[in-house]
Amino acid sequence: FAGLADVSISEDIPVEGEITVPVGSQSPDEDFSTLDEPVRDTILRDLKAVGKKFVHVMYPKKSSTLLRDWDLWGPLVLCVSLALMLQGGSADSKDDGGPQFAEVFVIIWFGAVVITLNSKLLGGTISFFQSLCVLGYCVLPLTVAMLVCRLVLLAGSGTVSFIIRLIVVAAMFGWSTLASTAFLADSQPPNRKALVVYPISLFYFVISWMILTFTPQ
Amino acid sequence: LQGGGSAVIDMENMDDTSGSSFEDMGEMHQRMKEEEEEEAEGEAGAAEEEDGEFLGMKGLQGQLGRQVADQMWQAGKRQASRAFSLYANIDILRPYFDVEPVQVRARLLESMIPVKMINFPQKIAGELYGPLMLVFTLVAILLHGMKTSDTIIREGTLMGTAIGTCFGYWLGVSSFIYFLAYLCNAQITLVQMLSLLGYGLFGHCITLFVTYNIHFHSLFYIFWLGVGGLSTLRMVAVLLSRTVGHTQRLILCGTLAALHMLFLLYLHFAYHKVVEGILDTLEGPNMPPFQRVARDIPVVSNAVLNTTAKAVALTL
């Protein structure tokens, strides 16, 4: 560094270039102020964030909102509502009410963890919780399918209703898989996308099949 | 010679029993914290000056006790985080997942083709992606079979049973055959055995997928012998090529063949249902009560009952 002591920039040479100051994330300021705001504001803000992510799932574009601000509220709400709706649908509902809820819960979370580990092991660049967030949010179409199935089953449970349910569940399964693939497959090397897509499709297939074979009491 | 004011801590004077690693840690840590120690000792010395001895043992021990405790904590924390990063590091498994989709497809198809050359050790790819995906597929198929056969699991969940069965088979039988291979001097590593058995489950997946939906016993037996037999033959041939000695080959390959075929048989018959059950699932509770398919068993059981009753009557 001693040799550079005599380097100087003369004033008549204009200095050029661009300087972009990265806009600091305002979370430190927000953290200070969110403690004082009323609870209603916090809840509404979180609900809005969750709602925005729901919209992103239903219209999957290549946006990074889901990845950047991940949160697990949405997946939790979806998982719990799906598990509640799937409860009590087995042959002997007297003693199968409990395990049914636990089954769905465990399948969703354990499956999501396994898929995340798999995509990380295959060389993915996405972080653990981001992947969990995406997989959880993409359960939304299947939850909608479950609602539709329950409504259709209220009307009747013949062959026609089965065909309607089959079409709806199949469409939602495709939607879920496409949505999650749109977010997750980008983080993989291009020739290995199929290796990541298969476990995701298996995961949503298991959930869709549980929805399809649901028979109410 | 030690510098003034910073002494190497003599662990023998302390009553905590520590292993040598802690001593090393303690020494390293102590060297790093030399300035802090000097400052602290200076303060402690100033506080304890009425004792007269600046480096007296009493003042020093109180101070040193705290510092040693702090060093032990730091050393322990460092060792724990090192152990955690060593064992919980999933990068250990990364080389086993380094595959291309074409390779996986090729290996899936190869797992059904028995090799002919058993005098030359056959290559086994030590890859875990394909086997893991096959095990999960088998879990999904098993779940389907259990649901459509109306299996009721008390004290557990269907999912837990399915996962436990499939993973237990894959990991348990692989380890057992690896242990036998060790006894029989076969050239195979644990990862290779896991990979081989995992790909051998491809035949099981196909068979169960077909026979859980189209439910005829004769069809199942054809698939069992055909598809199950082919994948077993492939595994057996690969193991044969890596073992020398007739007795060893017999033990190893016989055990593997028996376990593999029996597992498929078990998976079929444990979650078994009659044909009319499919209609029940499709059409809901509006089905008229169905008739079960007549089987030979009532005749057999009647005969058994008759002979038993006669035997009992004779003895009385």
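Taking the conditions exactly as written (part of a helix (DSSP H, G or I), farther than 18 Å from residue B:270 by Cβ and either in contact (Cβ under 8 Å) with a residue 40 or more places away in the chain or touching a strand residue (DSSP E or B) at 6+ places or on another chain (Cβ under 7 Å) (or both)), does residue B:186 satisfy them or not?
Working: part of a helix (DSSP H, G or I): no; farther than 18 Å from residue B:270 by Cβ: yes; either in contact (Cβ under 8 Å) with a residue 40 or more places away in the chain or touching a strand residue (DSSP E or B) at 6+ places or on another chain (Cβ under 7 Å) (or both): yes.
Criteria not met by residue B:186.
Quick check: is even one residue across segment B:101-114 crowded, with 18+ Cβ neighbours inside 10 Å and either within 14 Å of another protein chain (Cβ to nearest Cβ) or assigned to a helix (DSSP H, G or I) (or both)?
Yes: one or more hits.
For residues in segment A:161-217 being charged (D, E, K, R) and either on the phi > 0 side of the Ramachandran plot or within 11 Å of chain B (Cβ to nearest Cβ) (or both), which is nearest to the chain's Cα centre (by Cα)? So that I can check it myself, show each step before the final result.
Just the residues of segment A:161-217 that are charged (D, E, K, R), to begin with: A:165, A:186, A:192-193.
Checking which are either on the phi > 0 side of the Ramachandran plot or within 11 Å of chain B (Cβ to nearest Cβ) (or both) leaves us with A:165, A:192-193.
Working: A:165: 24, A:192: 21, A:193: 18 Å.
The qualifying residue nearest to the chain's Cα centre (by Cα) is A:193.
Cβ-Cβ distance below 8 Å, separation of 6 or more or different chains: which pairs start in segment B:92-114 with a residue that is in contact (Cβ under 8 Å) with a residue 40 or more places away in the chain and end on one that is part of a loop (DSSP other than H, G, I, E, B)?
B:96/B:126; B:96/B:127; B:96/B:128; B:107/B:125; B:107/B:127
For segment A:126-141, indicate whether the set of residues that are within 11 Å of chain B (Cβ to nearest Cβ), of a type in the set (Phe, Trp, Tyr) and over 24 Å from residue B:99 (Cβ atoms) is non-empty. Talk me through it step by step, then tell me what you get.
Taking segment A:126-141 and keeping what is within 11 Å of chain B (Cβ to nearest Cβ), we get A:128.
This time we only want the ones that are of a type in the set (Phe, Trp, Tyr), so: A:128.
This time we only want the ones that are over 24 Å from residue B:99 (Cβ atoms), so: none.
The answer is no; no qualifying residue exists.
Report every pair of residues separated by at least 6 positions or lying on different chains whose Cβ atoms are under 8 Å apart, first residue within segment A:100-114 and over 19 Å from residue A:215 (Cβ atoms), second of a type in the set (Val, Ile, Thr).
A:102/B:157; A:105/A:80; A:106/B:157; A:108/A:139; A:108/A:207; A:111/A:206
Please give the number of the condition residue A:159 fails out of (1) among the hydroxyl-bearing types (Ser, Thr, Tyr); (2) over 18 Å from residue A:55 (Cβ atoms); (3) crowded, with 16+ Cβ neighbours inside 10 Å.
(3)
FYI, it's all coordinate maths here, none of it is from the lab. Keep in mind that what you see is a predicted model, and the values were worked out from it rather than measured. In this analysis, Cβ positions are derived from the backbone assuming ideal geometry, glycine residues included, and neighbour counts consider all displayed protein chains.
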